Amino acid sequence: MNSNNKIPSYLDSWGDHKDDLLVWRKFWVLWELRRKWKWANWFYNQLDRAGNEIVAPKCWSLAAGQGYMKLCLWLSFLRSIQEGLTNGLDPFDTPKSEKVNIESIFDSIPKEFSDFPVKIPFKDFRNAICHCQWSPTLSKFELDQPTVNAADDLHKKMGIWIDEQFWQTFPSFKKQYNVPDYWIADPEGNEWMPETFF
């Protein structure tokens, strides 16, 4: 129960239950991670492929086209998810005393998530994608085939892990916060409204 002595609800303000790290906060962070991963996956599914590999920019004759931007946006979303799972989820201006360590919510984040395959200052990468600058900067990023393949592997593994964690957490959240049947999934657990996450 919250301080108003009302039955806790999934519709409550996020701040009402933010101290419940193992159900409330865990569920909503998984909601957010899953939503971001679905966006990453949308771009991932648009990428140019040859055989079973994403075509790395070093193989292209022209790097500045639509395919390259889709690749960059995919990597940007993927990096955002990876940062959330390894560096935490608090805004940069949150006082240190109020920050919540991500490991206090998840005790099983795979160690392989800690290393992002693109070895560039990601601030520079994001600026090149999202901000207009004096000169073209995309070509300086070394996105070769081994790097792209490693990102592909990370994408798949993070997606599986996030989805598993989400569905393991959902029953506790549904019970504790009075979630109606058919909010996300039917009573048998079949997701019926996946567009919720886009």
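In this structure the amide hydrogen of Tyr177, modeled in the peptide plane, comes within under 5 Å of no amide hydrogen from residues 5 or more places off or on another chain. Using C-alpha pairs below 8 Å separated by at least 6 residues, the relative contact order for region 68-166 is 28 percent. Annotation for Ile160 and Asn45: the two label points, set 7 Å from Cα along the Cα-Cβ direction, are 1.9 nm apart.
Of Lys18/Lys70; Lys6/Lys38; Lys26/Lys156, which sit over 31 Å apart, Cα to Cα? Where the Cα-Cα span goes over 31 Å, the pairs concerned are Lys18/Lys70; Lys6/Lys38.
Taking a sphere under 9 Å around the Cβ of Gly84 and counting the other residues whose Cβ falls inside, with K and R at +1 and D and E at -1, yields a net charge of -1.
When Rg/Rh (Cα atoms, Kirkwood Rh) is calculated for this entry, the matching label among (1) 0.99; (2) 0.93; (3) 1.02 is (3). 3J(HN,Hα) along region 113-121: 6, 6, 10, 8, x, 7, 9, 9, x Hz, from the Karplus curve 6.51 cos²θ - 1.76 cosθ + 1.60 with θ = phi - 60°, whole Hz, x for Gly and Pro.
For the chain, what is the calculated [θ] at 222 nm in deg cm²/dmol (nearest 500), taking -39500 (n - 2.57) for each run of four or more DSSP H residues and dividing by its residue count?
Value at 222 nm, helices only: -14500 deg cm²/dmol.
So which of Lys123/Lys157; Lys36/Lys119; Lys119/Lys175; Lys96/Lys123; Lys123/Lys175 end up more than 31 Å apart, counting from Cα to Cα? Spell out each step's value before the answer.
Numbers: Lys123/Lys157 24 Å; Lys36/Lys119 21 Å; Lys119/Lys175 43 Å; Lys96/Lys123 22 Å; Lys123/Lys175 41 Å.
In this structure, Lys119/Lys175; Lys123/Lys175 lie more than 31 Å apart at Cα.
In region 154-179, whose amide N lies under 12 Å from the spot 7 Å out along Cα-to-Cβ of Asn52? List them in ranges. Inside the label zone: nothing. When +1 charges are put on Lys and Arg Cβ atoms and -1 charges on Asp and Glu Cβ atoms, the dipole computed for the chain relative to its Cα centre reaches about 440 debye. Peptide packing for 5-18, 148-161, 44-57 was compared via the average number of neighbouring C-beta atoms within 10 Å per residue; ordered from the highest value, the list is 148-161, 44-57, 5-18. With the charge dipole of region 20-197 set up from +1 on Lys and Arg Cβ and -1 on Asp and Glu Cβ about the Cα centre, the Cα lying farthest toward the positive end among the listed residues Gln133, Gly84, Asn41 is that of Gln133. With semi-axes defined as the square roots of five times the eigenvalues of the C-alpha gyration tensor, the equivalent ellipsoid of region 28-124 measures 30, 14, 12 Å, largest first.
For the pair Phe92 and Ser114, a Förster radius of 30 Å applied to the C-beta separation gives a FRET efficiency near 0.90, rounded to the nearest 0.05. Stretched out straight at 0.36 nm per residue, the stretch from Asp144 to Ile102 would grow longer than its current Cα-Cα span by 12.0 nm.
Each value in this text was obtained by applying a stated rule to the coordinates, not by laboratory testing. Because the structure is a prediction, the values reported are computed rather than measured. Glycine also receives a Cβ, built like all others from the backbone with ideal geometry; neighbour counts cover every protein chain displayed.
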